[in-house]
1. As a check on your grasp of the helix formula, calculate [θ] at 222 nm for the chain: sum -39500 (n - 2.57) over DSSP H runs of n ≥ 4, divide by the residue count, round to the nearest 500.
2. What does DSSP give for the chain in terms of the percent of beta bridges that are antiparallel, rounded to the nearest 5?
3. Compute, for the chain, the length of the dipole vector about the Cα centre, with Cβ point charges of +1 (Lys, Arg) and -1 (Asp, Glu) only. Units Debye, rounded to 20.
4. In whole percent, and with a 1.4 Å probe on the protein chains, what portion of the accessible area of the chain is carbon and sulfur?
5. Would you mind putting 240-248, 342-350, 64-72 in packing order, based on average other-beta-carbon counts within 10 Å, highest first?
6. Could you tell me the ratio Rg/Rh of region 161-229? Both radii from Cα atoms, Rh via Kirkwood.
7. Excluding Gln271 itself, what net charge comes from residues whose Cβ is under 13 Å from its Cβ, given Lys and Arg +1 and Asp and Glu -1?
8. Where the Cα atoms of the chain are projected onto their three principal axes, how long is each span, largest first, in whole Å?
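The values are calculated or read from the model by the stated rules, or taken from the named source; none is laboratory data. Please read these numbers as outputs of a predicted model, since none were measured by experiment. Virtual Cβ from ideal backbone geometry, glycine too; neighbours counted across all protein chains shown. Protein only, heavy atoms only, side chains kept; ligands, DNA and RNA dropped before computing areas. Shrake-Rupley method; radii C 1.70, N 1.55, O 1.52, S 1.80 Å.
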Amino acid sequence: MAEPVAQRVRIYLNGEDRSGDRPLYQVVLAELRQSGVTGATVIAALTGFGPRRQVPPLADRQPVVIELVDYAARIKRLLPLIGEFAPSALITVESVEVVQGALRPGGPFGAEQMVSDLMQVPSRAIAHNASLIEALEHFVTARAEVLPVIDNNIVIGVVSTRELAWRAGLRLAPELLRVLGPAEGTALVAALKGRSVGEIVNREVCGIAPTTPIPQALTMMIEWGYTEIPVVDDRGRLIGVFSQREVLQAAARTFAAVQTSEGVQVRMVMQAATARIALGQSLATALALLITAPGQLLFVVDEFDRVVGTLRLTSVLNHLQGDERSLLLAAIQRAQPTPAMALPGVRQTIDTLVEPSPSTVALDAGLGKAAQQLLDHNAERLPVVDQDGRLSGIIARGALIRALLQQSE
């Protein structure tokens with residue numbers, strides 16, 4: 001594979017050029033840094049003149065040159081942005097040979113990939129004055145994970161089931177709401193009536209620029225804790241969505257094409273502690289674990305610790321009727337854990353409720369293989385097993401994203 005072409009860009013400004021109340025060169029430099037340029041240098045000249053043959057004598061009117069070296073594809077994407085901030089500046093571009101030093105690597109995504117390469121056209125958003133009931137319908141029926149919140153066509157934040165739980169008090173996951181009867185659902189969402197999305201929106205997440213490098217976008221995604229984040233233009237308008245799914249798809253493609261990229265194995269990044277339970281355990285014991293387990297899912301093992309299937313809270317809820325069902329729904333909504341003895345199924349085992357495991361990931365599998373399996377099964381997490389099929393840990397989308405980011409730094 002040919003090495004990416006490196007280029008040098010020079011941006012010629014004057015010291016008195018300003019953008020708002022800041023020197024223009026500072027604004028341009030900040031935008032370059034935000035867009036993930038490897039590095040840039042501001043050079044203040046002693047004096048000089050341009051097309052108008054001006055020779056400013058004052059120090060604060062000295063010529064200023066911003067110089068940067070980066071990959072050609074990245075620079076091509078950045079030039080329109082620079083032109084918006086400095087429309088009158090002279091900008092030159094020339095190819096250079098890097099004989100020492102390293103430009104910012106791209107890891108499994110390639111050295112020049114940015115958010116614009118992976119983002120998807122947004123399919124949904126919600127107005128800040130929409131009702132919480134409307135937002136909930138998106139999560140239940142449209143299976144949305146995150147909704148950008150819009151005010152006058154500008155993204156002002158996001159809302160997810162996390163905000164519904166933390167800020168609106170709805171503790172039931174959308175998966176559970178899908179299996180409730182009409183009367184049950186109406187009673188459980190009664191607290192949301194009359195409230196708007198604007199009351200619970202997370203205003204700290206207002207989107208990322210399409211020119212943001214993939215590693216930088218992943219860092220922000222991890223810090224914010226969302227599976228997808230909105231992509232906005234320079235005016236804050238929604239133009240796309242950047243999600244974990246697109247990142248895993250890109251990683252899987254890259255790993256499939258470059259065999260040497262499989263050096264990092266799942267065993268190095270998996271979570272060793274797993275939400276598990278053995279066959280023969282009581283349903284009540286399982287429910288005490290399920291209510292707080294990630295994804296409300298348990299991996300079920302046999303007496304030799306081999307994975308035999310999964311147990312989901314939705315399946316159990318579908319199984320229960322009458323008072324036992326009401327008891328479980330009440331326990332799910334409590335802030336404090338409910339003891340197993342106070343839950344239904346004390347004298348019933350989990351065995352008849354176990355579902356076949358969708359897939360297992362080998363300990364020595366590469367990250368590309370794990371990414372593809374998570375995609376194929378549309379899974380948030382999968383069990384990791386040794387050569388004898390014994391449960392060793394789990395690999396989750398979030399952990400895989402963090403591992404991919406580490407490879408890209």
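1. On the way: 14 runs with 130 residues, N = 409.
So the calculated ellipticity at 222 nm is -9000 deg cm²/dmol.
2. Numbers: 53 of 61 bridges.
Beta bridges within the chain, antiparallel portion: roughly 85 percent.
3. Details: 37 positive and 41 negative charges, 111 e Å.
I would put it at about 540 debye.
4. Roughly 51 percent, rounded to a whole number.
5. The peptides rank, most packed first, as 240-248, 64-72, 342-350.
6. 1.10
7. Net of charged neighbours comes to +4.
8. 92, 54, 29
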